[in-house]
Amino acid sequence: CAEHPSCAPPPEECTGGADEDNDGLIDCDDPDCSESVLCEPHPSAGCRQSPAAGGGLGWLLLIVSLVLWRKRHGRRPPPFTPPSPS
C-alpha cells in the first residue's frame, strides 16, 4: 500500500492545529508549511524598546516620574538600580 497514491497521508493544513500528514509536526513546525504566509514571523516580534534601549516614551515617563517624586518628597529619589537580566 505504501506505493499506492490512495495510501499517502493528506497534506498538512497550516492552521489545522493537528498533524494532518502524520509526520509528528504540527502547523508551522512542519516544513510543509515553511512557505505559508501564516507561518512567517511578524516583523515587530521581539522589538520592544526599554528606556535603556532608546525608547523615547520610556525616557519621558522616567523624567516625569523623577520630577513628580522630587516635588512630592522635596529631595532626590534613591539611586536607580536597573533590574538584573533574566
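Not counting ligands, DNA or RNA, and with a 1.4 Å probe, what is residue 73's accessible surface area in Å² rounded to the nearest 10?
Residue 73 has an accessible surface of roughly 80 Å² with all protein chains in place.
What full-extension length gain, to one decimal in nm, is calculated for residue 81 and residue 7 as 0.36 nm per residue of separation minus the Cα-Cα distance?
Taking 0.36 nm per residue and subtracting the Cα distance, the gain is 20.3 nm.
How much accessible area does residue 15 have with a 1.4 Å probe, in Å² rounded to the nearest 10?
Here the accessible area works out near 100 Å².
Residue by residue through the range 22-37, which ³J(HN,Hα) values in whole Hz follow from phi under the Karplus form 6.51 cos²θ - 1.76 cosθ + 1.60 (θ = phi - 60°), with glycine and proline marked x?
The phi angles translate into 6, 9, x, 10, 10, 6, 5, 7, 8, x, 4, 9, 4, 8, 6, 4 Hz.
The values are calculated or read from the model by the stated rules, or taken from the named source; none is laboratory data. Keep in mind that this is a model prediction, so the values were computed, not measured. For the accessible areas, the whole protein counts, side chains as well, though only heavy atoms, and no ligand, DNA or RNA atoms are used. Shrake-Rupley method; radii C 1.70, N 1.55, O 1.52, S 1.80 Å.
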